[in-house]
Amino acid sequence: MSTAIVPARKRPARVVKRAVSEEEKEGRRNDILAAAKEVFAKSGYQATTIADIAKVAKLSYGSIYWYFDSKEAIFLAAARSTVEAVGEELDDLPASLSEAQAVEKLTY
């Protein structure tokens, strides 16, 4: 009696259409940054891998490199976008607020 080896069933791969237009590319880049912020916040810079970011972004490992050269580049872009968002929030606050009031508005 021969024993046949039956391969495990593979999950069908998620098909992700390649971003072609500039709007799609910008959207994909923003998706990667959002995933990166989540992973960096949870795991820290040292423990985070490109594979972790790709998994949360629901992209292949290699796809990340279409948009960023390295983990450091992703981290710097994520930090820059966060600083820019805070700056925009500060710009929207009335100039008459004290520093304490501004901090309170940003916190809540």
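The values are calculated or read from the model by the stated rules, or taken from the named source; none is laboratory data. A quick note: this is a predicted structure, and the numbers were derived from the prediction, not measured. Please note: Cβ atoms are built from the backbone with ideal geometry, for glycine as well, and neighbour counts cover all protein chains shown. With ligands, DNA and RNA removed, areas are computed over all heavy atoms of the protein, side chains included. Shrake-Rupley method; radii C 1.70, N 1.55, O 1.52, S 1.80 Å.
Of the numbered criteria (1) over 14 Å from the mean Cα position of the chain (by Cα); (2) exposed (fewer than 12 other Cβ atoms within 10 Å of the Cβ), the one SER70 fails is (1). Within the stretch 73-102, the set of residues being open to solvent by less than 80 Å² (accessible area, probe 1.4 Å) and at pLDDT below 75 comprises LEU93, PRO94, LEU97, ALA102. Whenever a residue of the stretch 51-62 is in contact (Cβ under 8 Å) with a residue 12 or more places away in the chain and part of a loop (DSSP other than H, G, I, E, B), its partners that are of a type outside the set (A, V, I, L, M, F, W, C) and open to solvent by 60 Å² or more (accessible area, probe 1.4 Å), lying with C-beta atoms within less than 7 angstrom and at least six residues away or across chains, give the pairs LYS58/ARG14.
Scanning the stretch 65-108 for residues that are assigned to a loop (DSSP other than H, G, I, E, B), among the small types (Gly, Ala, Ser) and within 21 Å of ILE32 (Cβ to Cβ) turns up just one, SER70. The single residue among SER43, SER60, SER21 that is open to solvent by 60 Å² or more (accessible area, probe 1.4 Å) and more than 8 Å from the chain's Cα centre (by Cα) turns out to be SER60.
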